[in-house]
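S.K.: This is the structure I have questions about; it appears just below.
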Amino acid sequence: MAQDKLWGGRFSQPTDKFVEEFTASIAFDQRMYRYDIQGSIAHARMLAKQNIIARDEAEQIIAGLEGILADIEAGHFEFKVSLEDIHMNIEARLIERIGAVGGKLHTARSRNDQVALDVRLYLRDELKEIALYLDRLQEALLGQAETNLDVIMPGYTHLQTAQPVLYAHHMLAYYEMFHRDAGRFADVAKRLNYLPLGAGALAGTTFPIDREYVAEQLGFAGVTRNSLDSVSDRDFAIEFCAAASILMMHLSRLSEELILWSSADFNFIELTDAFCTGSSIMPQKKNPDVPELVRGKTGRVYGNLMSLLTLMKSLPLAYNKDMQEDKEPLFDSIDTVKGSLKIFADMIAQLRVKGDNMRIAAARGYSTATDVADYVVRKGLPFRQAHEIVGKTVRYCVETGKDIPELTLAEFQQFSPLIEEDIYQFVTLEASVNARRATGGTAREAVAREIKRARAQRQDKP
């Protein structure tokens, strides 16, 4: 018989053992126990307020749920596969503790709207924690920019030396990326913050519930407006995984640069020993395992997004058992993002910059060629002609083994008589960097303004 199941009245045969294990979600959804209990307590209070159950019954239910919460957190709760999920495990234990009155808790709700509530409550709290980790990473990047404001490094396009930039400017580029990531996660939190409980299985409930009261207790901005949408919506989870994928892409790009910069070929930075490992055979090796692993973990977060999109792409309204598969990709993305942000914030804060090596690299590769072109343009020549003149100048440098600042005035003038003695004021690394003063540029004064702006922005945060 199937009467041992809380839904077993319709069935005359027990569930196949393998089917029971295959369909159960308790192995992964037990992490939502606190939110399941939190939602159930709010629901019980509403049932009593609306005279759907007696007040003393609600008090018994709430006391029972609080006892179960204490048991779980003390490690004295056995999660049973036979009870399928976190909701049934808690409800069954509640009935064991307080008797038949525990069965009244499920009045005017379904597991469909219950799980929709639990996932929203859970993700809402995780987003708060992620915001804190993101803030720590931004602080570490800002600290790197402040500490190394005068360090010049090569800027790259196509991974070829392009123009000199400030290392601080480079760090602030990632600060801006993660600032937008924080905004995306805040948008997710805003859109998910509506109560689905009260939708029932799919069509609402015949009981005179007060959804707004429950929403207020649980800190939601309001209630969902359509019962079908309430139980079948998972776009908030998809949106989180999309935001998480963009964040991990940013972390992966930064990882790649840290890996390159810490190699002997670049030798721009040193990661502290705490974030590296050695080789089992080559004693000289210091491997940047943390950024490599974060770069690798980016793929699993992308995969989780595709899993959720594929899961939901053809489901008819309303709830379908397929949707049980939403949790593992979501949970894995949450765990991966939190772990990556936490370790990155610490690693960036302790990163050591080798400014002299960066400067030497910036001086190679004819990185001030564009400054020569701009100089000739200011003398009245169209940019396309200036571009050709400087291209020939660079070819001459390649052939003679000289860099642009090393050319004599006579050598410059063989390519254009417009070039005069003052050219040397424009082709040093400092001159090149500091000529770009407009907002968003790499000049020291522009970068210092951005640091100041970021500091003020952070101080104004609630």
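S.K.: Where only protein heavy atoms count, and the probe is 1.4 Å, what is the accessible area per residue for region 207-250 in Å²?
M.R.: On the way: 1750 Å² over 44 residues.
Here the residues of region 207-250 average 40 Å² of exposed surface.
S.K.: In debye to the nearest 20, how big a dipole does region 124-226 give about its Cα centre with +1 on each Lys and Arg Cβ and -1 on each Asp and Glu Cβ?
M.R.: On the way: 9 positive and 13 negative charges, 84 e Å.
Using Cβ point charges on Lys, Arg, Asp and Glu, region 124-226 gives about 400 debye.
S.K.: Next up: Could you size up the charge dipole of the chain around its Cα centre, putting +1 on the beta carbon of Lys and Arg and -1 on that of Asp and Glu, and report it in debye to the nearest 20? Display every interim value, and only then the final one.
M.R.: Numbers: 55 positive and 65 negative charges, 144 e Å.
Roughly 680 debye, rounded to the nearest 20.
S.K.: Next question, about the same structure. Starting from region 166-225, pick out the trypsin sites (Lys or Arg not before Pro) whose DSSP state is loop and whose Cβ has at most 15 other Cβ atoms within 10 Å.
M.R.: Values: sites: R180, R184, K190, R191, R211, R225; in loops: R225.
Counting only loop positions with at most 15 other Cβ atoms within 10 Å, the trypsin sites (Lys or Arg not before Pro) in region 166-225 are R225.
S.K.: Find which of M249, N267, A168 sits farthest along the positive direction of the dipole of region 150-282, computed with +1 on the beta-carbon of Lys and Arg, -1 on that of Asp and Glu, about the Cα centre.
M.R.: Going by the charge dipole, the pick is M249.
S.K.: How long is the gain from Q385 to A448 if the chain were fully straight, where each residue apart is worth 0.36 nm and the alpha carbon distance is subtracted?
M.R.: Using 0.36 nm per residue and subtracting the Cα-Cα distance, I get 19.2 nm.
S.K.: I'd like to check one number: the per residue accessible area of region 329-462, probe 1.4 Å, reported in Å² as a whole number. Display every interim value, and only then the final one.
M.R.: Details: 6960 Å² over 134 residues.
Accessible area per residue: 52 Å².
S.K.: Could you report region 120-173's accessible area per residue, 1.4 Å probe, as an integer in Å²? Walk me through the numbers before you get to the answer.
M.R.: Details: 2070 Å² over 54 residues.
That works out to 38 Å² for each residue.
S.K.: Taking K and R as +1 and D and E as -1, what net charge do the other residues with C-beta under 15 Å from the C-beta of I52 add up to? Please list the in-between numbers first.
M.R.: On the way: positive: R45, K49, R55, K104, R109, R211; negative: D56, E57, E59, D210.
Counting the neighbours of I52, the net charge comes to +2.
S.K.: Which one, I238, S227, M177, is farthest towards the positive end of the dipole of region 133-275 when Lys and Arg carry +1 and Asp and Glu -1 on their Cβ?
M.R.: S227
S.K.: Another question, if that's okay. So if each residue of separation counts as 0.36 nm, and I subtract the Cα-Cα distance between L317 and E399, what length gain in nm does that give? Each step should come with its number before you reach the end.
M.R.: Working: separation 82, 0.36 × 82 = 29.52 nm, distance 7.04 nm.
Extra length available between L317 and E399 comes to 22.5 nm.
S.K.: Going by a ≥ b ≥ c, the root eigenvalues of the Cα gyration tensor, does region 248-388 fall in the rounded group (a/c under 1.5), the prolate group (a/b larger than b/c) or the oblate group?
M.R.: oblate
S.K.: Something else now. Take F28 and M306, extend 7 Å from each Cα along the Cα→Cβ direction, and tell me the distance between the two endpoints in nm.
M.R.: Roughly 1.7 nm, to one decimal.
S.K.: Counting only protein heavy atoms, what percent of the accessible surface of region 33-102 is carbon or sulfur at a 1.4 Å probe? Present the calculation step by step, with values, prior to reporting the outcome.
M.R.: Details: 1350 of 2960 Å².
Carbon with sulfur: 46 percent of the solvent-accessible area.
S.K.: Can you check what the net charge comes to around I98, using other residues whose Cβ is under 13 Å from the Cβ of I98 (Lys, Arg +1; Asp, Glu -1)? Could the numbers behind the result be given before it?
M.R.: Working: positive: R93, R97, K104; negative: D56, E57, E59, E66, E91, E96.
Around I98, the charge tally is -3.
S.K.: Ignoring any ligand, DNA or RNA, what whole percent of the accessible area of region 399-462 comes from carbon and sulfur when the probe is 1.4 angstrom? It would help to have the intermediate numbers written out before the result.
M.R.: Details: 2040 of 3810 Å².
Within region 399-462, the accessible surface is 53 percent carbon and sulfur.
S.K.: Moving on. So if R0 is 22 Å, what FRET efficiency would E129 and A70 give, r being the distance between their Cβ atoms, rounded to the nearest 0.05? Before the final figure, lay out each step's value.
M.R.: Numbers: r = 23 Å, r/R0 = 1.05.
Using R0 = 22 Å, I get an efficiency of 0.45.
S.K.: So, in nm, how far is label L228 from label A274 when the simple model puts each one 7 Å beyond its Cα toward the Cβ?
M.R.: 5.5
S.K.: Can you work out the Karplus-derived ³J(HN,Hα) for every residue in region 381-398? Use 6.51 cos²θ - 1.76 cosθ + 1.60 with θ = phi - 60°, whole Hz, and x for glycine or proline.
M.R.: These are the phi-based 3J(HN,Hα) values: 8, x, 4, 5, 5, 4, 4, 5, 4, 6, x, 5, 4, 5, 4, 5, 4, 4 Hz.
S.K.: Within the accessible area of region 195-305, what % is carbon and sulfur when the probe is 1.4 Å and the other protein chains stay in place? Show your work: numbers first, answer last.
M.R.: Details: 2780 of 5100 Å².
Reported share for carbon and sulfur atoms: 54 percent.
S.K.: As a quick test, which of the pairs K128/K354; K379/K402; K190/K327; K104/K190 have an alpha carbon distance above 29 angstrom in this structure?
M.R.: Details: K128/K354 35 Å; K379/K402 25 Å; K190/K327 20 Å; K104/K190 32 Å.
From the list (K128/K354; K379/K402; K190/K327; K104/K190), the Cα-Cα distance tops 29 Å for K128/K354; K104/K190.
S.K.: A follow-up question, please. Report, ordered by chain and residue number, the aspartates and glutamates lying within cross-link reach of K461, taken as a straight Cα distance under 17 Å and ignoring same-chain residues fewer than 8 apart.
M.R.: E129, D135, E139, E176, D181, D187, E450
S.K.: Now, a different point. Working from Cα positions, state the angle (0 to 90°, nearest 10) between the long axis of helix 55-73 and the longest principal axis of the chain.
M.R.: The angle comes out at about 50 degrees.
S.K.: What is the pair-distance distribution P(r) of region 44-115, computed from all Cα-Cα distances in 5 Å bins starting at 0, with each bin given as a whole percent?
M.R.: Histogram of Cα-Cα distances, whole percents per bin: 3, 17, 25, 26, 19, 8, 2, 0.
S.K.: Given 10 Å bins starting at zero, what is the percent of C-alpha pairs of region 176-318 in each, up to the one with the largest pair distance?
M.R.: 11, 25, 24, 18, 12, 8, 2, 0
S.K.: Round to the nearest 10 and give me the degree value, 0 to 90, for the angle of helix 289-312's Cα axis relative to the longest principal axis of the chain.
M.R.: Helix 289-312 and the main axis of the chain meet at about 50 degrees.
S.K.: Taking R0 as 60 Å, what's the FRET efficiency between N287 and E59 from their Cβ-Cβ distance, rounded to 0.05?
M.R.: On the way: r = 59 Å, r/R0 = 0.98.
Computed FRET efficiency for N287 and E59 comes out at 0.50.
S.K.: Between M249 and A410, what FRET efficiency follows from the Cβ-Cβ distance if R0 is 51 Å, with the result rounded to 0.05? Mind dumping the intermediate values first?
M.R.: Values: r = 50 Å, r/R0 = 0.98.
Using R0 = 51 Å, I get an efficiency of 0.55.
S.K.: Report, in debye and to the nearest 20, how large the dipole of region 398-462 comes out about its Cα centre when Lys and Arg carry +1 and Asp and Glu carry -1 on their Cβ.
M.R.: Numbers: 10 positive and 11 negative charges, 199 e Å.
In total the dipole reaches around 960 debye.
S.K.: Indicate the gyration tensor shape class of region 166-208 (rounded, prolate or oblate), computed on the Cα atoms with a ≥ b ≥ c the square roots of the eigenvalues: a/c under 1.5 is rounded; otherwise a/b larger than b/c is prolate and the rest oblate. Numbers along the way, then the final one.
M.R.: Details: a/c = 11.07, a/b = 6.97, b/c = 1.59.
Prolate is the answer for region 166-208, as a/c is 1.5 or above and a/b outweighs b/c.
S.K.: What distance in nm lies between label points placed 7 Å from Cα along the C-beta direction at F207 and A100?
M.R.: Here the modelled spin labels are 1.7 nm apart.
S.K.: Follow-up. Only helical DSSP H runs with n ≥ 4 go in: add -39500 (n - 2.57) per run for the chain, normalise by residue count and round the 222 nm mean residue ellipticity to 500 deg cm²/dmol.
M.R.: Values: 18 runs with 275 residues, N = 462.
Dividing the helical sum by the residues of the chain leaves -19500 deg cm²/dmol.
S.K.: Read phi for every residue in region 229-245 and hand back ³J(HN,Hα) as whole Hz from Karplus 6.51 cos²θ - 1.76 cosθ + 1.60, θ = phi - 60°, with x for Gly and Pro.
M.R.: 5, 4, 8, 9, 7, 9, 5, 5, 6, 5, 4, 4, 5, 5, 4, 5, 5
The values are calculated or read from the model by the stated rules, or taken from the named source; none is laboratory data. Fair warning: this is a prediction, and the values are worked out from it, not measured in the lab. Counting neighbours? That spans all protein chains shown, and the Cβs are built from the backbone with ideal geometry, glycine included. Ligands, DNA and RNA are excluded from the accessible area calculation, which covers all protein heavy atoms including side chains. Shrake-Rupley method; radii C 1.70, N 1.55, O 1.52, S 1.80 Å.
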